[in-house]
Amino acid sequence: MPQVHTFTVDKLQPAMNPDLARTISVKLVASKTLAKGTVIGRVAASNLWDAYVDTTTTDPARAILAYDVVTDAGGLHYFGAQASSEHGQGEPSCPAYITGDFNDADLTGLDAAGLTNLGGRLIFGDDLSDPNAVVHIP
């Protein structure tokens, strides 16, 4: 009997127009745990991706993680909250959104500079502190 992988990890869902949202595959730095909706940037020194923080060595904010992801010491990616999976397989990369409309409340690490880096803008709400804010990433 073939093994069946049960994929139960929740995906970040766009707030509107999900058919217009686009993803790319990114390779995250090793030994990290990042939540879906985390804004990420590329680390120039390693060409790997990590959580965006405006004052760190990551390049500007460029994408938003689609799933909770844990990377092990070898750099394999596991979807969910731990560096293991049902059948022991890890992935070499994970998906991240580069376009879409998202509830700001679902995003982690987005600030005004990050919104500018992403080329984004508010389409609902007064500012990023508004609990009803929706951002558009073109």
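The values are calculated or read from the model by the stated rules, or taken from the named source; none is laboratory data. All values derive from a computational prediction rather than experimental measurement. Virtual Cβ from ideal backbone geometry, glycine too; neighbours counted across all protein chains shown.
Among the residues of segment 53-66, write down those that are modelled with pLDDT under 95 and in contact with a Lys or Arg (Cβ under 8 Å, 6 or more places away or on another chain).
58, 59
State yes or no: is residue 96 part of a helix (DSSP H, G or I) and under 27 Å from residue 31 (Cα atoms)? Give the derivation first.
On the way: part of a helix (DSSP H, G or I): no; under 27 Å from residue 31 (Cα atoms): yes.
Here the answer is no, as residue 96 does not meet what is asked.
Residues being within 8 Å of the chain's Cα centre (by Cα) and touching a residue at least 60 places away in the same chain (Cβ under 8 Å): count how many of those fall in segment 48-75.
Residues flagged as within 8 Å of the chain's Cα centre (by Cα) and touching a residue at least 60 places away in the same chain (Cβ under 8 Å) within segment 48-75 amount to 1.
Restricting the search to segment 38-47, which residues are over 14 Å from residue 117 (Cα atoms), in contact (Cβ under 8 Å) with a residue 24 or more places away in the chain and hydrophobic (A, V, I, L, M, F, W, C)?
Hits for segment 38-47: nothing passes.
Name, by its number, the condition in (1) closer than 20 Å to residue 12 by Cβ; (2) among the small types (Gly, Ala, Ser); (3) in contact with a Lys or Arg (Cβ under 8 Å, 6 or more places away or on another chain); (4) at pLDDT below 95 that does not hold for residue 75.
Residue 75 satisfies every listed condition except (1).
Considering each of 123, 98, 137 in turn, give the residue that is loosely packed, with under 14 Cβ neighbours inside 10 Å and modelled with pLDDT of 95 or more.
Every option except 123 fails the conditions.
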